[in-house]
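Peer 1: Sending over a structure as C-alpha cells; questions will come in a sec.
The values are calculated or read from the model by the stated rules, or taken from the named source; none is laboratory data. Keep in mind that what you see is a predicted model, and the values were worked out from it rather than measured. A quick note on method: Cβ atoms are made from the backbone with ideal geometry, for glycine too, and the neighbour counts reach across all protein chains shown.
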Amino acid sequence: MAQSAADAPPGPGSDPADRSDGATWFGHPRQLARLFTTEMWERFGFYGMRALLTLYLAEHFLFNDTTTTGLYGGFTALVYLTPLIGGLIADRYLGSKRSVKFGAVMMALGYFTLCFGGQTATPYATIDGQRYEVQVDKSTEAKQQYVIDGDKRLAIKGNENGTVSLLAADGSVARNVDKGKFEAGADRSHFYTMVMLIALSMITVGNGFFKPNISTIVGSLYAPGDRRRDAGFTIFYMGINLGSLLSQLLCPWLAVAVGWWAGFGLAAVGMLCSWALIQFDGGRLDGYGEAPEQGGRDRSLIIYAASVLAVPLVWFLFVNLMNAPQAAAGSGIGGYLLALPLMGKLLFGTFLVSVPAILIWSYKVGSKIEFQMMLAASVLIIFNVVFWTLFEQAGSSLTLFANRNTDLSVFGWFTMTAGQTQFFNALFIVLLAPLFSIMWTGLAKRGLEPSIPVKFGVALAGVGIGFLALVWGSHYAAADFKVTIWWLALLYLIHSMAELCISPVGLSMITKLSIARIVGMMMGLWFLSISVAQYVAGMVAQVASVETVGGQVTNLKVSLDTYVNVFWTIGLVSIGIGVVLVVLSPVIKKWMHGVQ
Ligand code: GLN
C-alpha cells in the first residue's frame, strides 16, 4: 500500500518535489485539506460508533461480559484485517479513490443499520434450575436489579465468595444462592441480533476499502524523498483525532439523551459527510488515487458485488465466534487453540506462519544486511501486538470500568457518560502531537532522538504505567467503589503519550526496513499484528469479565477488584516487556542499519 503511494503516477504539478498544482495548505499540497476533512468525518463515524458499541452490547442486548468483549475484540480485529484485502484490491483494480468512496457508502450503511436494535432484551435469572423474571430499577444511580418471586421483589446482591443473596424490602436476606446456582440470562430478539451483526460486517468490509486507501492518497501527494511527508501524516493524524474527539462526546450523549439509535444515527451522518466530501470533490483530487491501467477492463462491478457477498461471510465468522465452546479445563494450550473460533484460528495461524516464513525467505534470498533489517522489522511487529493489545482496552474493559467503577462527575458541574471517557485519548493526541513533533525534531538536532526500538520500549512501558496509575488511583476509591474520573484521564494521558512514540513511526519504519519487493506484504503484516492485538485485547477484556444481571454488575467491590487485578497484571507484564525491548534495543538498532 505504501509502496503504491510512492509509485503512484505524478499529479498535475511540474516540480518533482511537489506533486500538487503548487497551491498549498499549511505549506502542504492543498489536496491534503480535502483528505483531512474526509478522514476526519470518517473517524467521527467510526469512533462515535466505537464509543457506544460495548455498552450497546452489554446494556441493550444484555450479553454477558465475556460475549460482549469477545465480540468487540473479534469485530475490531476484522476491522484491522480487511485493510489488507482492501489495499490490495485498490492497488490492482479499483484505485484508492474509488475504494474510499465505496468503503464510505458501506460504512454509512453499517452505522445506519445499527440504529435498528429493537426492544431492549428482557433479563431473567435461573436459580437452582428455576427461571425467574428480573427487573432493573434504572431510576437510581445504583441501578438495582430484582428477582420477582411470586408477589415478592427481592434485590439481587452478589457476594465476594461468588454466592448471591436475595434481599427483602427491609434489607434482610430472604435467600442465599450457592456459587454457580445463580445464572443470569436475557431473552433477545434473534432478528435484531442478526441485524446488528450484519451492520458490524458491513462496517468491517467498508473499513477495509476506506482506511488504508485514504492514507495511500495522502502518501501520493508527496514525491519520494519530499521532507514534508512525515509532517503531512502528522496533520492527517490530527484530523483523525479531531473527528474522534467530537463524536466521542456527541454520540454517547445522544445515546443517553435520546436513544441508542440517535447515537448511531449521528455516526452514520458523519460517515455520509465523509462520503460527500470525496464523492463531490469538485475535481480537487483529480489525478490522485486513480485506478491503475487495466487494459480497458473494468472489474469494479464484480468487486462491489463480491464485497457485498462478503458481508454474510463475515457475519458467519461473528456467529461462529459467539457460539465457540470454552476449552475444557486442563486441555492445555493445544486444547485452547483447538477450541478457538474460526476467526481466532485464522488470525493466529496466519500471523504465526507468516512471520517465520517471511524471515526464512529473506534469509535465503536477501543479503545479510537485508535479512537483519527484516529481522528487526519482525521483532518490532511482534512487540507491536503487545502494545495495541493493552492500548485497545479503551473500547472494551476500560469503557466498562468507566461505566461501573468510575465517578463520572466533572468537578460537580456535570456528569460525563461512560462512552464519552474514550474522548480523552483523542483530546490528548490533538494537544500533544504538535508538541511531540517539536520535541523529536529538537532532540534530533542535538543527536539525542531515541532510536525506534527505544521508542517502542518506552511506549510499551508507558502503556503499562498508565494501567498502574489507575490501579494506584483505585486505592482512593470512595465507599461506593468508584474512583474519580481523573484517574482514568491520567491513564489516557499516559497512553496517548505512548501512542505518539509508536503509532506515527510504525508504518514508515516498515517501508524503510523491508526488502523492497515485499514491502506491501510487510505492511500487511503490520496491519495483521494490530488485528491480532485487537483479538487478544478482547481475550484480555474477557479475563476482566464481571458477573452482570440485566447489564448491571451485582457487586461493585468484586468488579473493582477484578479490574484492578487484571490491570495490575497487564501493567506489570507490559512494563517488563518494554524494559526487555529497551535492553535489546542496541542489537535491534544495529540490525536496522541506520534506518530512523
Ligand atoms: N487512532 C488511530 C486511527 O484510528 C490509530 C489506531 C491504530 O492504528 N490502532 O487511525
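Peer 1: Taking into account only those residues within segment 351-392 that are of a type in the set (Gly, Ala, Ser) and assigned to a helix (DSSP H, G or I), which is nearest to the ligand (Cβ to nearest atom)?
Peer 2: Residue satisfying both the conditions and the ranking: ALA377.
Peer 1: While we're on this one: Go through segment 476-496 and count every residue that is in contact with a helix residue (DSSP H, G or I) (Cβ under 7 Å, 6 or more places away or on another chain), modelled with pLDDT of 95 or more and among the aromatic types (Phe, Trp, Tyr).
Peer 2: 2
Peer 1: LEU448 versus (1) outside any helix (DSSP H, G or I); (2) at pLDDT 95 or above: which is the lone unmet condition?
Peer 2: Exception for LEU448: condition (2).
Peer 1: Report, by residue number, each residue of segment 222-234 that is away from the ligand (no atom under 12 Å from the Cβ) and under 21 Å from the mean Cα position of the chain (by Cα).
Peer 2: THR234
Peer 1: Being more than 23 Å from THR69 (Cβ to Cβ), over 23 Å from the mean Cα position of the chain (by Cα) and either within 16 Å of the ligand (Cβ to nearest atom) or buried (at least 21 other Cβ atoms within 10 Å of the Cβ) (or both) narrows it down to one residue among LEU507, LEU525, LEU581, LEU493; which is it? Steps first, answer last, please.
Peer 2: Values: LEU507 fails: over 23 Å from the mean Cα position of the chain (by Cα); LEU525 fails: over 23 Å from the mean Cα position of the chain (by Cα); LEU493 fails: over 23 Å from the mean Cα position of the chain (by Cα).
Result of the check over LEU507, LEU525, LEU581, LEU493: LEU581.
Peer 1: Being touching a helix residue (DSSP H, G or I) at 6+ places or on another chain (Cβ under 9 Å) and within 14 Å of the ligand (Cβ to nearest atom) narrows it down to one residue among TYR47, TYR56; which is it?
Peer 2: TYR47
Peer 1: Checking the conditions here, which among LYS445, LYS482 is farther than 19 Å from ALA402 by Cβ and basic (Lys, Arg)?
Peer 2: LYS445
Peer 1: OK, next. For segment 550-596, name all the residues that are in contact with a Pro (Cβ under 6 Å, 6 or more places away or on another chain) and not in a helix (DSSP H, G or I).
Peer 2: GLY550
Peer 1: I'd like the full set of residues that are in contact with a strand residue (DSSP E or B) (Cβ under 8 Å, 6 or more places away or on another chain) and of a type in the set (Gly, Ala, Ser), limited to segment 382-436.
Peer 2: Filtering segment 382-436 down to residues in contact with a strand residue (DSSP E or B) (Cβ under 8 Å, 6 or more places away or on another chain) leaves 404-409, 415-416, 418, 421.
Listed by number, the residues that qualify are SER409, ALA418.
Conditions tested, residue by residue: (1) within 15 Å of the ligand (Cβ to nearest atom); (2) touching a helix residue (DSSP H, G or I) at 6+ places or on another chain (Cβ under 9 Å); (3) basic (Lys, Arg).
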{"position": "ARG153", "(1), (2), (3)": "no, no, yes"}
{"position": "ASP170", "(1), (2), (3)": "no, no, no"}
{"position": "GLU183", "(1), (2), (3)": "no, no, no"}
{"position": "GLY219", "(1), (2), (3)": "yes, yes, no"}
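Peer 1: Still on this structure, I have one more. Look through PHE436, PHE423 and report the one residue that is touching a residue at least 60 places away in the same chain (Cβ under 8 Å), surrounded by 19 or more Cβ atoms within 10 Å (Cβ to Cβ), of a type outside the set (Gly, Ala, Ser) and part of a helix (DSSP H, G or I). Break it down into steps so the answer makes sense when it comes.
Peer 2: Numbers: PHE436 fails: surrounded by 19 or more Cβ atoms within 10 Å (Cβ to Cβ).
Unique residue meeting the criteria: PHE423.
Peer 1: Here are some residues: ILE148, ILE89. Which one is without any contact (Cβ under 8 Å) to a residue 40 or more places away in the chain and more than 16 Å from the ligand (Cβ to nearest atom)? Let's see the steps before the verdict.
Peer 2: Numbers: ILE89 fails: without any contact (Cβ under 8 Å) to a residue 40 or more places away in the chain.
Exactly one residue qualifies, and that residue is ILE148.
Peer 1: Which residues, counting only those in segment 393-417, are more than 17 Å from ALA477 (Cα to Cα) and away from the ligand (no atom under 16 Å from the Cβ)?
Peer 2: SER397, TRP413, PHE414, THR415, MET416, THR417
Peer 1: Which one is surrounded by the fewest Cβ atoms within 10 Å (Cβ to Cβ), of the residues in segment 245-266 that are within 22 Å of MET196 (Cβ to Cβ) and either among the hydroxyl-bearing types (Ser, Thr, Tyr) or in contact with a Phe, Trp or Tyr (Cβ under 6 Å, 6 or more places away or on another chain) (or both)?
Peer 2: TRP260
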